[in-house]
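**Student:** Structure below; questions to follow.
No lab work stands behind these numbers, since they all come straight from the coordinates. Model, not experiment: these values are computed from the prediction. Here the Cβ is made from the backbone with ideal geometry for all residues, glycine too, and neighbour counts use every protein chain on show.
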Amino acid sequence: MEKIFENTKTAFALKSDTELDRAYFLFKMIQNEPLVRIGTAITNFALKAHMPVEHLIRASVFDHFCGGINEEDCLPVIEKMHSKHVHTTLDYSVEGKEDETQFDLTVDKILQNINFAQEKQSIPFAVFKPTGFGRIDLYEKVSNHIELTKEEEEEWSKVVKRFDTVCKVADDKNVSLLIDAEESWMQDAADELIEEMMEKYNQKKAIVFNTLQMYRWDRMDYLKALYKRAQKKNYFIGMKVVRGAYMEKERERAKEIGYKSPICDDKQATDENYNTAIEFMIDHEKLALFAGTHNEESSYQLMELAKQKNILKNDNRLWFGQLYGMSDHISYNLADAGYNVAKYLPYGPVRDVMPYLIRRAEENTSVTGQTSRELKLLKTERKRRKL
Ligand SMILES: Cc1cc2nc3c(=O)[nH]c(=O)nc-3n(C[C@H](O)[C@H](O)[C@H](O)COP(=O)(O)OP(=O)(O)OC[C@H]3O[C@@H](n4cnc5c(N)ncnc54)[C@H](O)[C@@H]3O)c2cc1C
């Protein structure tokens with residue numbers, strides 16, 4: 001397979017020299033762990049003290065990782081990306097409080113996103129997190145089949161209703177809906193609910209997508225069992241396949257409570273598990289795959305698998321996805337080669353998006369390989385332009 005991801009000209013075609021320099025400077029800072037720690041503390045303090053730091057945050061880290069403070073604000077970014085055939089999944093990244101009013105507000109926001117996406121070729125997906133619609137402890141209880149109190153039963157029926165409302169509108173408007181995966185101890189309840197939604201709304205094509213975290217060693221068995229059930233009932237499966245974002249938390253909890261960790265033993269095992277899942281998805285009928293990854297090898301492998309199976313590059317059942325502000329060399333080169341690509345574009349009021357931004361900074365600090373890869377690519381492009 002030709003190594004297309006090395007093409008930095010295509011990867012950064014949308015970035016001006018100044019934007020390229022800003023990105024380089026940003027990743028250089030993020031690479032510095034003490035700086036990220038101190039920076040995070042100062043920013044949190046400044047925001048709590050209502051100091052006027054929002055402009056500074058916007059000009060630096062926010063604009064690199066986020067599209068804007070609301071949907072309209074994101075439009076220039078969406079259109080710019082689309083000019084290079086890169087699509088957008090608008091990700092409302094406000095991490096809300098756990099109360100019923102907030103959950104209803106999140107539902108409204110997702111409905112607004114679906115409407116916004118309708119008839120915009122540049123936005124083929126909407127997305128939400130299960131914990132945006134209900135309390136994590138409630139999902140956990142349902143996952144463990146613990147008897148609910150009367151109030152909890154009522155509360156759960158509202159969660160079910162929220163899922164059904166957004167899935168129905170997504171189906172009506174023909175906008176596919178990605179549902180993120182979160183902590184393993186609440187996931188069974190989400191899985192069951194999403195399976196119901198798939199059965200209801202994925203009769204003609206994949207509208208509703210669940211997410212498989214392949215750092216979990218049990219997910220291949222789940223995928224195979226789900227596939228059997230879907231075949232029997234004759235509906236499509238939509239699946240976002242990722243490695244998983246909560247590894248440390250999962251391992252710590254398993255150790256603390258004393259159960260077998262749900263996470264693969266090492267990175268190689270996760271990588272193999274991931275690649276087995278995408279192979280299964282490509283190998284079977286009535287499946288639509290959204291590969292959410294920044295991993296070059298997995299992306300090359302998926303391109304190769306699709307080629308072997310004579311799946312067209314722009315087949316609507318195959319999508320690649322990365323996060324905005326990261327791995328442009330994968331997104332833009334894939335889109336340039338004719339593949340379907342949709343980047344998650346987080347947005348929301350600056351102070352509400354801070355937890356998301358801090359996670360990105362911390363993740364890039366800990367995943368040293370990824371940051372040095374970004375820096376290397378940016379450096380190569382700066383050099384190329386100077387020549
Ligand atoms: C579009 C998109 C959507 C996403 N949606 C979700 C979501 O819904 N839920 C979610 O949880 N995450 C989600 N993620 C994040 C994703 O799960 C990964 O954390 C992130 O993409 C890094 O993994 P990678 O495949 O890009 O590749 P890599 O950088 O090659 O892999 C890093 C990942 O490998 C795994 N890993 C690392 N070290 C070890 C180890 N020692 N043992 C076992 N496994 C290890 C971890 O999962 C780690 O995140 C999403 C990512 C993208 C791009």
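**Student:** Based on other C-beta atoms within 10 Å, arrange 216, 135 from fewest to most.
**Tutor:** Values: 216 22, 135 18.
Arranged by neighbour count, lowest to highest, 216, 135 become 135, 216.
**Student:** If a/c stays under 1.5 just call it rounded; otherwise compare a/b with b/c (prolate if a/b is bigger, oblate if not). Do that for the range 96-225, with a ≥ b ≥ c from the square roots of the Cα gyration tensor eigenvalues.
**Tutor:** In terms of gyration-tensor shape, oblate.
**Student:** Calculate the dipole size of the chain relative to its Cα centre from +1 charges on Lys and Arg beta carbons and -1 charges on Asp and Glu beta carbons; express the result in debye to the nearest 20.
**Tutor:** 1480
**Student:** If you don't mind, another one. Can you give me the pair-distance distribution of the range 166-279, C-alpha pairs, 5 Å bins, whole percents?
**Tutor:** All Cα pairs considered, the percentages come to 2, 11, 21, 21, 18, 13, 8, 4, 1, 0.
**Student:** Could you tell me what % of all Cα pairs in the chain have separations over 35 Å?
**Tutor:** The proportion of pairs with Cα distances above 35 Å equals 24 percent.
**Student:** Report the Cα centroid-to-centroid distance between the range 55-96 and the range 231-264 in angstrom, as an integer.
**Tutor:** Here the two parts' Cα centres lie 28 Å apart.
**Student:** Divide by every residue of the chain the summed helix terms, -39500 (n - 2.57) for each DSSP H run of at least 4, and state the resulting mean residue ellipticity at 222 nm, rounded to the nearest 500 deg cm²/dmol.
**Tutor:** Theoretical 222 nm ellipticity from helices: -18000 deg cm²/dmol.
**Student:** Taking a ≥ b ≥ c as the square roots of the Cα gyration tensor eigenvalues, with a/c under 1.5 meaning rounded and otherwise prolate when a/b beats b/c, else oblate, which class fits the range 221-279?
**Tutor:** Prolate, since a/c reaches 1.5 and a/b exceeds b/c.
**Student:** Averaged over every viewing direction, what's the projected area of the C-alpha convex hull for the range 155-212? Give it in nm², one decimal, please. The partial results should precede the final answer.
**Tutor:** Working: hull surface 15.4 nm².
If I average the Cα hull's projected area over directions, I get 3.9 nm².
**Student:** Another question about this same structure. At a 10 Å Cβ-Cβ cut-off, how would you order 274, 339, fewest neighbours first? List each step's numbers first, then the result.
**Tutor:** Working: 274 27, 339 22.
Listed from fewest to most nearby Cβ atoms, that is 339, 274.
**Student:** Indicate the gyration tensor shape class of the range 17-133 (rounded, prolate or oblate), computed on the Cα atoms with a ≥ b ≥ c the square roots of the eigenvalues: a/c under 1.5 is rounded; otherwise a/b larger than b/c is prolate and the rest oblate. Can you show the working numbers first?
**Tutor:** Values: a/c = 2.35, a/b = 1.22, b/c = 1.92.
Note, shape of the range 17-133 comes out oblate.
**Student:** Further question on the same structure: Step through the table entries 120/307; 15/343; 200/232; 129/260; 9/313, compare each Cα-Cα distance with 18 Å, and write down the pairs that go over it.
**Tutor:** With Cα atoms farther than 18 Å apart: 120/307; 129/260; 9/313.
**Student:** While we're on this one: GluC sites (Glu not before Pro), restricted to the range 285-377: which are DSSP loop and have at most 16 other Cβ atoms within 10 Å? Write out the running numbers ahead of the final one.
**Tutor:** Values: sites: 285, 296, 297, 304, 362, 363, 374; in loops: 285.
Filter output for the range 285-377: 285.
**Student:** Which aspartates and glutamates, if any, have their Cα less than 12 Å from the Cα of residue 249, not counting same-chain residues under 8 positions apart?
**Tutor:** 182, 183
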